[in-house]
1. Residues in region A:8-41 that are in contact with a helix residue (DSSP H, G or I) (Cβ under 8 Å, 6 or more places away or on another chain), more than 18 Å from B:Ser183 (Cβ to Cβ) and free of Cβ contacts under 8 Å to residues at least 40 places away in the same chain: how many?
2. Would it be correct to say that B:Ser214 is surrounded by fewer than 18 Cβ atoms within 10 Å (Cβ to Cβ), within 18 Å of the chain's Cα centre (by Cα) and within 14 Å of another protein chain (Cβ to nearest Cβ)?
3. Between a residue in region B:49-65 that is without any contact (Cβ under 8 Å) to a residue 24 or more places away in the chain and within 9 Å of another protein chain (Cβ to nearest Cβ) and any residue that is hydrophobic (A, V, I, L, M, F, W, C) and part of a loop (DSSP other than H, G, I, E, B), which pairs come within a Cβ distance under 7 Å, given they are 6 or more apart or on different chains?
4. So which residues in region B:10-24 are part of a loop (DSSP other than H, G, I, E, B) and facing another protein chain (nearest Cβ under 7 Å), if there are any at all?
5. If you go through region A:165-193 one residue at a time, how many are of a type in the set (S, T, N, Q), farther than 22 Å from A:Met151 by Cα and surrounded by 13 or more Cβ atoms within 10 Å (Cβ to Cβ)?
6. Limited to region A:55-82, what total is found for residues that are of a type in the set (A, V, I, L, M), within 26 Å of A:Val144 (Cβ to Cβ) and within 7 Å of another protein chain (Cβ to nearest Cβ)?
7. With respect to B:Ala84, determine if the residue is at pLDDT below 80 and more than 22 Å from the chain's Cα centre (by Cα).
8. So, of the residues in region A:42-54 that are at the interface with another protein chain (Cβ under 7 Å from one of its Cβ atoms) and crowded, with 22+ Cβ neighbours inside 10 Å, which turns out to be nearest to B:Ile69 (Cα to Cα)?
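The values are calculated or read from the model by the stated rules, or taken from the named source; none is laboratory data. A quick note: this is a predicted structure, and the numbers were derived from the prediction, not measured. Heads up, the Cβs are rebuilt from the backbone with ideal geometry, glycines too, and the neighbour counts pull from every protein chain shown.
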Amino acid sequence: MTLADLSDEDLVDAVRTARADREAIVNELFARHYERVARWCLRFTGDRESAADLAQDVFLKAHRHLDSFKGHSRFSTWLYTIVRNESISRLQRQSPPADGDAVLEEIAAIEPAPDELAQRSQRADRLKRFLATTLDALERRVFVLHYGDGMPLEAISRLLRLDNASGAKAYIVSARRKVARATGRLKARGQEL
Amino acid sequence: MSDRTTSDLEHALKATPECVPVERFAEPLSAREQQHVDGCARCQSELALWREFEESSPAADEGAAVQWIVAELGRRRGGEAVAAARSPFAWLTPGIRRWAAAVGAIAVITSGAYLLSDREPAVRDLSNPAASYRTNRLDVRAPVGDLTSAPSTLEWVTPPDAVSYDIEVFEVDRTPLWRTTSSISRVELPPSVVRQLLPGKAVLWEVRALNGASQVIAESGTQRFRVALTGSTPKD
């Protein structure tokens with residue numbers, strides 16, 4: 001049996017117990033996922049040099065923390081969590097999106113409840129329900145990734161493979177209009193979010 | 001927008017303890033998990049991204065760039081990435097490194113003053129291939145001594161139980177030029193290093209052999225070579 005015959009998870013076990021050729025096993029394991037990670041990083045960064053740097057950091061981190069993979073999930077899913085976290089961390093080390101807070105002025109128009117700490121969780125739940133009932137599925141995804149994680153719209157377009165002319169921007173514009181209309185209706189009825 | 005509304009919205013868009021962990025996505029979800037995902041924009045977003053990663057279906061315009069990145073990863077994997085992962089200095093914080101650099105600079109100045117008062121030691125002649133392996137001593141094959149042309153590879157003798165090697169190349173003042181890791185007893189010098197191997201300039205290198213537990217089992221000590229003034233530097 002060769003390394004190529006082993007599953008990803010078996011290769012991780014082999015790395016742990018290997019007395020020799022440990023690097024050869026790691027190389028086999030990682031090489032299986034080079035293309036997958038490269039594609040993600042390219043879509044996230046938008047250029048191949050930055051993508052190669054990001055992908056290198058991903059595999060470096062995977063190499064360092066390989067012992068923490070317990071086999072509770074597929075290896076590719078474990079690798080995905082590293083790719084995703086490393087990508088978001090890189091964003092957070094850079095500047096936030098230019099239109100960060102201003103875009104949600106519509107929601108700001110709704111007065112918050114006074115007892116802040118006690119009601120914060122409930123308010124977050126209400127906001128979630130508000131977004132769930134106001135936006136469609138794709139708008140919600142774009143909304144969460146852009147405002148929740150700070151992902152640039154171009155990256156979201158590539159990662160979610162949005163092939164319409166203006167990509168994620170169209171969904172954000174549409175979401176903002178819907179949020180504005182919905183909050184307007186609530187205000188007209190004298191209701192709080 | 002009020003700070004509180006912004007804060008609440010950010011809170012609403014983040015994962016909560018009820019959110020389904022990504023590790024569960026590959027398995028059939030329970031009814032409760034599915035119900036949560038159906039109503040949670042965060043989980044739906046995570047699921048969409050994870051599916052794109054897992055399926056990894058190529059887009060028409062990215063094939064060449066992806067293949068370039070894959071090739072680059074393969075090239076780097078033999079070099080800096082693994083070296084950094086195994087670096088014995090990885091635990092050093094930038095602050096400690098600055099202090100270490102200052103102490104190192106003092107040591108270099110002191111050593112330089114000493115060397116100025118002493119004759120340069122003769123370069124070891126490595127034309128004799130009778131190198132033999134001794135315990136904890138890793139013998140090198142090449143390059144060492146005066147060379148007629150710039151080398152493109154570093155080679156050494158394979159010690160028993162060696163699984164991988166850490167290799168470092170320095171200027172004579174110990175300024176690092178290059179560091180890499182190899183699983184075989186030979187590495188190719190990258191063009192960026194070869195370009196610096198100018199005639200008359202001495203260069204140092206070291207290799208350490210590691211066993212399967214990443215413990216150093218043999219060391220070469222500092223090796224030195226120099227391209228003779230009549231030699232040539234390889235072109236890229």
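1. So the count comes out to 3.
2. Yes: the conditions hold for B:Ser214.
3. Pairs that qualify, where the first residue is without any contact (Cβ under 8 Å) to a residue 24 or more places away in the chain and within 9 Å of another protein chain (Cβ to nearest Cβ) and the partner is hydrophobic (A, V, I, L, M, F, W, C) and part of a loop (DSSP other than H, G, I, E, B), are B:Glu52/A:Leu160.
4. Let us first name the residues in region B:10-24 that are part of a loop (DSSP other than H, G, I, E, B), namely B:14-21.
Across region B:10-24, the qualifying residue is only B:Lys14.
5. Number satisfying all stated conditions: 1.
6. Residues meeting the conditions: 1.
7. no
8. A:Ala52
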